[in-house]
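The values are calculated or read from the model by the stated rules, or taken from the named source; none is laboratory data. Please read these numbers as outputs of a predicted model, since none were measured by experiment. Using ideal geometry, Cβ is built from the backbone for each residue, glycine included, and neighbour counts are taken over all protein chains shown. Surface areas here come from the heavy atoms of the whole protein model, side chains and all, with no ligands, DNA or RNA. Shrake-Rupley method; radii C 1.70, N 1.55, O 1.52, S 1.80 Å.
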Amino acid sequence: MKLTLYSGTKNASSWAMRAWLALKEQNLAFEEHVVDIRRPQRFKNLAKIGEFSPPAAVPVLLVDSQVIFDSLAIMEFANEIGSKSLLPPDSPTRARVRSMVAWQHAGLSNLCPHLFFESAFYPDKRALSENEKKQIKFLFTVWEKQLSASNGPYLFGDISLADLSLVPTIIRIFRHQPDFTLFPRVASWGSQLMQRASVQEWLSDADRLEPVWYDDYLLSD
Ligand SMILES: N[C@@H](CCC(=O)N[C@@H](CS)C(=O)NCC(=O)O)C(=O)O
């Protein structure tokens with residue numbers, strides 16, 4: 001079975017990162033094609049993806065000649081064929097992991113459109129707005145509670161798709177110096193996640209790239 005991943009520019013493609021992480025965490029060998037999704041070449045490059053994948057977006061995984069699109073489907077596929085399990089063994093907990101993943105996939109919060117992935121790689125970060133701090137506090141409260149219930153080190157004990165799907169969100173929040181005072185478990189969970197070999201491999205490439213600048217960043221919300 002030959003796996004070919006059409007990924008995206010590493011400091012701009014949070015969705016591709018999720019799929020890529022799941023494949024790496026499962027030790028699956030794959031050929032990677034990084035699609036340059038920066039403007040203006042983005043449009044021409046994604047149109048080419050549209051020739052074989054209906055959403056014309058990345059990530060896309062080819063399994064031999066079969067097309068799997070959407071990060072979530074790719075993550076689930078990696079979980080199924082890889083050597084370990086990224087979902088817990090019991091059904092209710094497995095469903096709760098999927099709840100977290102689905103929440104993230106459906107947008108999670110109003111944070112991401114303002115604190116976009118690209119901003120995690122800007123050399124100079126703006127301060128978080130009061131609204132962003134409020135939303136981060138809410139997410140941290142949810143995660144702290146879950147980490148306390150599972151006793152960590154990851155959200156549901158062992159690493160799962162829930163943790164991997166949240167990595168890009170963690171990166172953009174953690175790199176904007178949030179207040180961890182009330183959230184020690186979140187601080188250590190996020191740091192541990194960011195130290196994983198797979199995440200470090202992606203970040204070392206992403207950090208070397210020219211930042212993808214959007215003026216909107218300075219408007220916050
Ligand atoms: N729901 C999709 C979202 C994919 C997505 O929006 N990818 C971005 C790059 S990170 C993209 O290719 N956007 C192009 C477009 O939406 O036109 C997934 O999870 O894979």
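Mean separation of Cα pairs under 8 Å and 6+ residues apart, divided by the residue count of the chain: what relative contact order is that in percent?
24 percent
Rounded to the nearest 500, what is the 222 nm mean residue ellipticity of the chain from helices alone, with -39500 (n - 2.57) per DSSP H run of 4+ residues and division by all residues?
-15000 deg cm²/dmol
State the Cα centre-to-centre distance between the range 93-164 and the range 28-70 in whole Å.
26 Å
For every other residue with a beta carbon closer than 14 angstrom to the beta carbon of residue 213, add +1 if it is Lys or Arg and -1 if Asp or Glu, then tell me the sum.
-1
Working out 0.36 nm times the residue gap between residue 194 and residue 129, then minus their Cα-Cα distance, what length gain in nm do you get to one decimal?
Working it through step by step, the gained length comes to 21.0 nm.
Let me understand the chain better: what is its radius of gyration from the alpha carbons, and its Dmax, in angstrom?
In Å, with Rg to one decimal and Dmax whole: 17.2, 50.
Which helices of the chain meet both criteria: a Cα extent of 18 Å or more along the helical axis and a mean Kyte-Doolittle score no lower than 0.0, with helices taken as whole DSSP H segments?
161-174
Taking a probe of 1.4 angstrom, what is the accessible area of residue 185 in Å², to the nearest 10?
90 Å²
What is the local net charge at residue 183, summed over the other residues whose Cβ is closer than 13 Å to its Cβ (Lys, Arg +1; Asp, Glu -1)?
+2
Nearest 0.05, what FRET efficiency do residue 122 and residue 99 give at R0 = 35 Å with Cβ-Cβ as r?
E between residue 122 and residue 99, to the nearest 0.05, is 0.65.
I need the trypsin sites (Lys or Arg not before Pro) found in the range 35-108, filtered to DSSP loop residues with at most 12 other beta carbons within 10 Å of theirs.
84
Taking chymotrypsin sites (Phe, Trp or Tyr not before Pro) as candidate sites, keep only those in a DSSP loop with at most 14 other Cβ atoms within 10 Å, then name the longest stretch of the chain containing none of them.
Looking at the chain, 53-212 is the longest stretch - no exposed chymotrypsin sites (Phe, Trp or Tyr not before Pro) with at most 14 other Cβ atoms within 10 Å.
Near residue 137, which lysines are there with a Cα under 17 Å away, not counting those fewer than 8 places off in the same chain?
145
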